[in-house]
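Notes follow once the structure below has been shown.
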């Protein structure tokens, strides 16, 4: 079986342990490749390389880093077909979805950070104490340890290393154990442009990630993952007082008011609930609908679900592909198996076992109660629940009554309602009459158990800097 290797200090290297793990094609359920199962020695080597590289990389100018990031974006774009093939085989994503939507987003994000690298801002220099002149420097943090998730492997890798490198840091990135291929391929391409050691990619499992978080060299760790992972990372990083940035789970509420265009809203919400097989922390999977339009909305949503197609990457016109793994498929199926008797599955609800891959039917469920597991916990699959509400206040109360706070959306024609409800929602991002629209210029942050920190916007760039105040006495002042 073919293998991919780690990328450390500008070279492809085998894991020092000699251990590998199989990678499974989610669309077929069959192993097709092996990836390193890296251990602490591999993390040591990567962190040492990143620290050596930092001594020089930190002295580059913003203009130099900007130019290199633009070149990286161009190089990845030139290797589009190779990266698309790698990503879709590793994840089961539809080729047309990744090629036409996700991949351009990754390139755009890199170009944003290339430009933003030259525009770090701070308090103006000046004399704030008589006889003394002050200035503020933004400096890179140092070596950054980063752990990326499996639902958007290449895009989330870019979200991690893009702002870190733009700010003058060096990186050790650990992709998910099930989806490391595109990040390792991208690292080889990028290695032709960046100095050795600036970007290192080490594949492995949870223990590999734990070793990276606990390692004494990284000064900041950025992790996208589960709530459980965020708690564990925070506890580990606290022992050495590392800075931590976390983007964790979500349970996005979708508030649909009676003055909306019912059929158009149901179509768009369904599309954003099933996108990427629902494997998105911000997926539109918890829908709250006002009584007056509830029946019409549900009929329209169910019709959309029944028309939603899924299949292997090369199948044309599919909306989504396979779930990440057999373990994750079993987890999603478990939610359906534990549904309370008062809940009704209107369509879907089953694993599709016809092709050997990890496919789950587009599913709509009504009759759920706020305290139900499927309302409170992140399913991370193509499963949408629908609940009723009677008043605006009730809608907001139901929306906020989860421990997550990543994203929400409001569907209404009333501008006044938009202002009231967006203010009342306890979520880091609120869309209005849309959902899952992402701009590199805007922050992506969570509240409550969804974590803290940013992976996009200039706020992410600033997160990878530390601030130094320099004060000088002015002779003769």
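Quick one: which strands (runs of 3 or more DSSP E) sit completely within the range 405-477 and have at least 3 residues that are in contact (Cβ under 8 Å) with a residue 60 or more places away in the chain and closer than 19 Å to residue 290 by Cβ? Where strands (runs of 3 or more DSSP E) fall fully within the range 405-477 and carry at least 3 residues being in contact (Cβ under 8 Å) with a residue 60 or more places away in the chain and closer than 19 Å to residue 290 by Cβ, they are 407-411. Can we say residue 237 is within 19 Å of residue 184 (Cβ to Cβ), crowded, with 18+ Cβ neighbours inside 10 Å and touching a strand residue (DSSP E or B) at 6+ places or on another chain (Cβ under 6 Å)? So residue 237 does not fit the description; no. Within the range 169-189, can one find any residue that is surrounded by fewer than 19 Cβ atoms within 10 Å (Cβ to Cβ) and at pLDDT 95 or above? Yes, that holds for at least one residue. Test residue 119 against the stated conditions and say whether it is assigned by TED's automatic domain parsing to the domain that holds residue 169, modelled with pLDDT under 95 and farther than 21 Å from residue 472 by Cβ. For residue 119, the condition - assigned by TED's automatic domain parsing to the domain that holds residue 169, modelled with pLDDT under 95 and farther than 21 Å from residue 472 by Cβ - is met. Scanning the range 337-374 for residues that are closer than 23 Å to residue 400 by Cα, out of contact with any helix residue (DSSP H, G or I) (no Cβ under 9 Å at 6 or more places or on another chain) and surrounded by 15 or more Cβ atoms within 10 Å (Cβ to Cβ) turns up 367, 372. In the range 55-77 there is at least one residue that is farther than 27 Å from residue 3 by Cα, buried (at least 20 other Cβ atoms within 10 Å of the Cβ) and more than 25 Å from the chain's Cα centre (by Cα).
The values are calculated or read from the model by the stated rules, or taken from the named source; none is laboratory data. Fair warning: this is a prediction, and the values are worked out from it, not measured in the lab. In this analysis, Cβ positions are derived from the backbone assuming ideal geometry, glycine residues included, and neighbour counts consider all displayed protein chains.
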